[in-house]
Each structure stands twice: as C-alpha cells, then as structure tokens.
Amino acid sequence: MKDSIKKSLLEEAAKCVKCGACKSACPTFDILRREPSSPRGRVSLIEARLRGAEGMRDEYVKHIKECTLCGSCLSACPKGVNVPELVLGARFSQSEDELIPSVFSLAAKNLLGAEGLAPALVKTIMKAAGKLQGVFLKDAGSGEGLVTRFSLPFVGDGRLLPELPEVFFLDRPDISAMKDVKANARPTPESSSGQALRKGTPAVGFFVGCGINYMLPSIGEATIKALDSSGASVAVPAEQVCCGMPALSSGDRQAAKELALRNIEAFEKLELDYIVTSCATCGHALKNVFKDVLSGERIEIRRKADAFASKVRDITELLTKELIYEAKGERKQGIVTYHDPCHLKKYQGITEEPRELLAKSGHVFKGMKNPCKCCGLGGGLIFTNYELSMKIAEKKAMSIEASGADIVATACPGCIIQLKDACHRYGVDAKVVHVVELL
C-alpha cells in the first residue's frame, strides 16, 4: 500500500475514541455480538495491521470481510469516523497481498466490461446459466423466482433467485434502438412510445446496471415508462458497463477505476441533462465513487468525473425534483411499506422522494419498524457468508411482516433480490418490488 494511503487511513482510524456508539447500529455486530465484529473492533484491528502487527491472518480477513459497508456506523459515530472507507482500504491492502481472493474483482474486470471482449463473454456465460437454471434451480411456487436445488458455490442451498430472462435488457430490440444515438447529439425528439416531445425536453441517459440488465429487466421497463410519461427523452448508451462496486468491495480499486472511466466515456458522448439510475448502489458509485477512485488522475479526468457526477440522479430523485411525475389518481388494492437501501439513504441522503412517489402510486402506505436497517446484502456478504447475510435479513423480514403490508417497495435491485429471498425463507407473504414498478 502506498505510504500516502496508509497515512490517510491511520489518521482516520486515530479519530476513533472507542466510545462504542457504533455498535448498536452495526448489522453484523447485532447478530454476532463479538467485539471484533463491531465497527470499533474493526477499526482497532485495521489500525494494528497498518502499524505492522502480525498474526491472526485468517481471523483478521474474516472480520473485514463480514462488514456490509452499509454506513450505519458512520451515521452513528459522533466523531464521524469513516469505517466503511477504512474497511475498503483494508480490503485493498489484503487484495494486494492476496489474502482475499479477488473473485468479485475478477468478475467485474474481466466479465462485466473493463476489457474489450468482456461484454460478449459475460453474455455467453449468463445465457448458458439461463439455459441451465432448470437443472440447478426449481420453481419456488410463489411466482417470485427459483430456488436452488442444492448448495452451489457463492450461492448456498435453498436460496431464492430471480429467473434469468431469455433476452437481457440491453439486448432487447426496443432498448437497442434507444442505444443508437449519434455522438455529440441530443437523443431523438421522440419518446420511446413514438410520441413527439415538446421543444426543450430534458435529455436523460439511463444507466441500467447489472442487476436490471441480467436479472430484473422489469425495473428497466418501468423506469423508461415513468421517464417517458414525465416528458423526458431517454437514451440508453450501448457502451455502458458495470458500475464497479463489486470490484471495489473486494478491494480492487484499479478495476473500479477502469470501469468508471469507461462509463464516463460512454455517457459524455451524448449531450445529456441528467444521468438516471434505478439502482441505489449504482447511484452511489456514479455520484461518489467515480470521483473518489479517479481523484489521483490528471485534472482533465477529474473534471470529467465531476461533470458526470453532477448530472447523476436516482430515479426517485429525478421524478420528484426535476421531472415531477404526475399520478393517474387511481386507488389500488394493497398496503405498501418501504425499505430504505443503505446506498440511497446513508450515502445519498434520499429518503422522502421514494415515499412521495409511493403516495402517488395509489396504494395505502404504512411504514415499517427500522426501515433503514441494513438487509444484509452489501459488501459481498451474500457471497462470502450467506448464512450471516440471511440472519441479518431475517430481522428485516420480520419488520415487513409486522407492518401488515402486502407489498414491500425499495429502490435497489440488490435489496429486492435479498428481500425476496428473506421473505421466502422466513415465510413472509409480501410481494417485493421497486418503487418505480408501482407507478
């Protein structure tokens, strides 16, 4: 690790006064109840390691891998100690030393788009997975997805997963037509439904993200429909790739940097007013992480990253602040509750916008207890420790059940996959959807 990065991390760790205020907010400590699994404990371990302490290699790696990077500790800390940044720094250091297998960084870098032939390769792999899903998975019987027949690597046994679509979102003919926009030109002055748009229509670039593209295309459909009905002209750049969060979470900043550069290049070809995403994690990456991983680059690149980030909006943010989605006023059956994604509330400060849209959806809204409690998805925990991830998710499932809601809405494809799995596993009868799917 570079001395400058090491110094910065040590300075951040030194801010911790070991008061323990973070412990009550940490989802992993809430389950495990051991000091090294608390944010305070992780700070102490990371600081000792940075100062050259040896030993406990396996235990050390275990504790830094158990962090969901949800940011709850940062919100609770009176000194503002950025524990997620410290954990990412520790993962970066251990990845360099090959203590943490970089499975996710390899996937992000070599499969999700950082290299030339990667898009074709990942499509081949995902299509093969789609054809074989009937062998490894079975119908859950609820219409919510498929369940693993037996334990699979990085997946686990009895896990509910989305059924992979026959055609990925970005490969669909109607979406491909929206990708074919000439460089340095505004999107064509027609909506996706073919209706002429008024002069001065906002030009919006849609960052799809891997979750929507490969697993939950209905969210993408609903996003474009909502943007269209709100009077936006929508473009879906063909060259966009993974946002890089899987790579960053596993400690590979270089892969995250390459992906950031490629995405900025894909979107800057268009004269866009806004760049919208319906994934809270992607939104955090596009707004904040891109600038961070490119902070050491030359000034022209930093300016491009700043310009790019300034245009990024979450779909709930864009529809309530800039475009103003108009509801049809139809009353609908069912009670809906809302789960705050960590990357939306804690990292972007977006809380009321999704609820405002839900109020316009026609459903009766009822809040749940601890709506912003982490669902256990983040930081790669669902792959590195699925059982712990599900124990965290169980508390969220119980909150959903206690709310009495028929529908639980959220604003992150990853949270949707996690919540569907948790509701299935713990017998909670609630449909899990994205906010925009209810509009």
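A few notes on this one:
- Selection count where residues are part of a helix (DSSP H, G or I), open to solvent by 20 Å² or more (accessible area, probe 1.4 Å) and under 22 Å from Phe168 (Cα atoms), scope region 223-244: 2
- Filtered residue count, region 1-57, keeping only those that are surrounded by fewer than 17 Cβ atoms within 10 Å (Cβ to Cβ) and not in a helix (DSSP H, G or I): 17
- Of the candidates Asp273, Asp292, the single residue that is in contact (Cβ under 8 Å) with a residue 60 or more places away in the chain, open to solvent by 50 Å² or more (accessible area, probe 1.4 Å) and either farther than 26 Å from Ile175 by Cβ or in contact with a strand residue (DSSP E or B) (Cβ under 6 Å, 6 or more places away or on another chain) (or both) is Asp273.
- Identity of the residue in region 347-361, open to solvent by 50 Å² or more (accessible area, probe 1.4 Å) and in a helix (DSSP H, G or I), that ends up nearest to Cys374 (Cα to Cα): Tyr347
- Some residue of region 380-392 being out of contact with any Cys (no Cβ under 6 Å at 6 or more places or on another chain), closer than 22 Å to Ala359 by Cβ and open to solvent by less than 10 Å² (accessible area, probe 1.4 Å): no
- The residue list Ala266, Ala255 contains one member that is among the hydrophobic types (A, V, I, L, M, F, W, C), part of a helix (DSSP H, G or I) and surrounded by 24 or more Cβ atoms within 10 Å (Cβ to Cβ), which is Ala255.
- For region 362-384, the set of residues classified as modelled with pLDDT under 90 and outside any helix (DSSP H, G or I) consists of Gly380 only.
The values are calculated or read from the model by the stated rules, or taken from the named source; none is laboratory data. Here the structure is a predicted model, which is why all the values come from computation and not from measurement. Methodologically, a virtual Cβ is constructed for each residue, glycine included, from the backbone with ideal geometry; neighbour enumeration extends over all protein chains shown. The area values use the complete protein model at the heavy-atom level, side chains included, leaving out ligands, DNA and RNA. Shrake-Rupley method; radii C 1.70, N 1.55, O 1.52, S 1.80 Å.
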